[in-house]
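The values are calculated or read from the model by the stated rules, or taken from the named source; none is laboratory data. Just so it is clear, the model here is predicted, and its values are computed rather than measured. Glycine also receives a Cβ, built like all others from the backbone with ideal geometry; neighbour counts cover every protein chain displayed.
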Amino acid sequence: MRRYLRGFASASLGPRSDVGSRKYGPRALVVGASDGIGASFASALAARGLDVILVARRREPLAALAERLRTAHGVETSVVVADVGTPEGVDAVDRAADGVGLLVCNAAFAPIGPFVALTPSQVDAVLDVNCRAAVRLTHSIGSAMVARGRGGVILLSSMAGAQGSALVAHYAATKAYLRVLAEGLWTEWRPRGVDVLACCPGLVRTPTYLASFPARLGRLVPAPMEPDRVVRAALAALGRRPVVIPGWRNRLAASAVARLLPRSAALALVSRQTRAMYPSAQRSGAAAEASPTESHRPAPADGSDG
Ligand SMILES: NC(=O)c1ccc[n+]([C@@H]2O[C@H](COP(=O)([O-])OP(=O)(O)OC[C@H]3O[C@@H](n4cnc5c(N)ncnc54)[C@H](OP(=O)(O)O)[C@@H]3O)[C@@H](O)[C@H]2O)c1
């Protein structure tokens, strides 16, 4: 029992990661870097001495972050304004990725609501942003890393990917895809010198999460974490294991749901929690897109995490 509990504690904020320019340099590329977890990744990597390429659709926050990181850490920064939900956007990112030693695929789209309420273009966009962009970039940039014999890839999955849930069925399925992809590539690429990690946060206090206006969290749902904590856990885990769930409370909750409950009970519990968080999405029958800054902006909020 004591060993079981120690596992939850030690898997979180382990010793300071050795992520730095030797193994993962000279530059990192963060897809979805304009705010939230992606901006935290960019800051943490620049602080470790990596040059950073910042990708998102909004130029202003990217340019401001690039300037801040250049000034604070003396690293080189560049900005790629692209929508990775389109083939042209993915190609533009790919073209900018020369010499990238660490890839972070963080952008996501998570409309919250009944599956039948998604429009066909939302159904496509969830797949395009969450899966197609991530796997295409992992394939092209990761292949170059394998050829070089060193590098790292971090795929932002979610606790939501551990099982299905009402209101985020499609999003959760894409997060399961990313986790399984990372696990397979961890096994394939580890002997070739390239580390792959699925980072599976629970709730995280990002602009997108806050803009989703969750009504209330169930008693068993761990409180949202700060993005920096998620990033520290991911960088500490990179190269050590294929999957990380940041935060011992989240690990405990994930383990309880996976091991103690029959699958049907787990699905019912997680779905109940998601519905409690988003009662209006359930009632309105329309898929909501949390939008912290721009009306056009599709965005995720991990409704079923916890
Ligand atoms: N927040 C949570 O509670 C939580 C929990 C578990 C997992 N996650 C995962 O963690 C990751 C980050 O989540 P987050 O809450 O920080 O924020 P987010 O809303 O997913 O935004 C992430 C970033 O992605 C960019 N982005 C979104 N769509 C894009 C597109 N089509 N092309 C290019 N860039 C795009 C956004 O910038 P622009 O708008 O400027 O493009 C933003 O910089 C996601 O993969 C999410 O699924 C989040």
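Structural remarks
- Boolean, G218 is touching a residue at least 24 places away in the same chain (Cβ under 8 Å) and over 28 Å from S34 (Cα atoms): yes
- Matching residues in the range 181-206 - criterion: being in a helix (DSSP H, G or I) and within 14 Å of the chain's Cα centre (by Cα): L181, A182
- Output for the range 159-178, where each listed residue is within 15 Å of the chain's Cα centre (by Cα) and either on the phi > 0 side of the Ramachandran plot or surrounded by fewer than 20 Cβ atoms within 10 Å (Cβ to Cβ) (or both): A173, A176, Y177
- Answer residue from the range 90-108, given it is assigned to a loop (DSSP other than H, G, I, E, B) and in contact with a helix residue (DSSP H, G or I) (Cβ under 9 Å, 6 or more places away or on another chain) and is farthest from the ligand (Cβ to nearest atom) among those: G99
- From V84, V129, residue being in a loop (DSSP other than H, G, I, E, B), touching a residue at least 40 places away in the same chain (Cβ under 8 Å) and within 9 Å of the ligand (Cβ to nearest atom): V84
- Among residues of the range 202-213 that are more than 26 Å from S255 (Cα to Cα), those with a beta-carbon under 8 Å from a residue that is assigned to a helix (DSSP H, G or I) and near the ligand (Cβ under 6 Å from one of its atoms) at least six positions away or on a different chain give the pairs P207/G36; T208/G36.
- Residues of the range 132-162 satisfying the condition of being away from the ligand (no atom under 15 Å from the Cβ) and either more than 30 Å from P191 (Cα to Cα) or among the basic types (K, R) (or both): R148, R150
- The lone exception for G20 - which of (1) over 16 Å from R241 (Cα atoms); (2) at pLDDT below 95; (3) in contact with a strand residue (DSSP E or B) (Cβ under 9 Å, 6 or more places away or on another chain) it fails: (3)
- S78 vs. criteria over 18 Å from the mean Cα position of the chain (by Cα), more than 9 Å from the ligand (Cβ to nearest atom), not in a loop (DSSP other than H, G, I, E, B) and not aromatic (F, W, Y): yes
- Top-ranked residue of the range 239-263 - restricted to ones that are closer than 13 Å to C199 by Cα and in contact with a Pro (Cβ under 8 Å, 6 or more places away or on another chain), ranked as surrounded by the fewest Cβ atoms within 10 Å (Cβ to Cβ): N250
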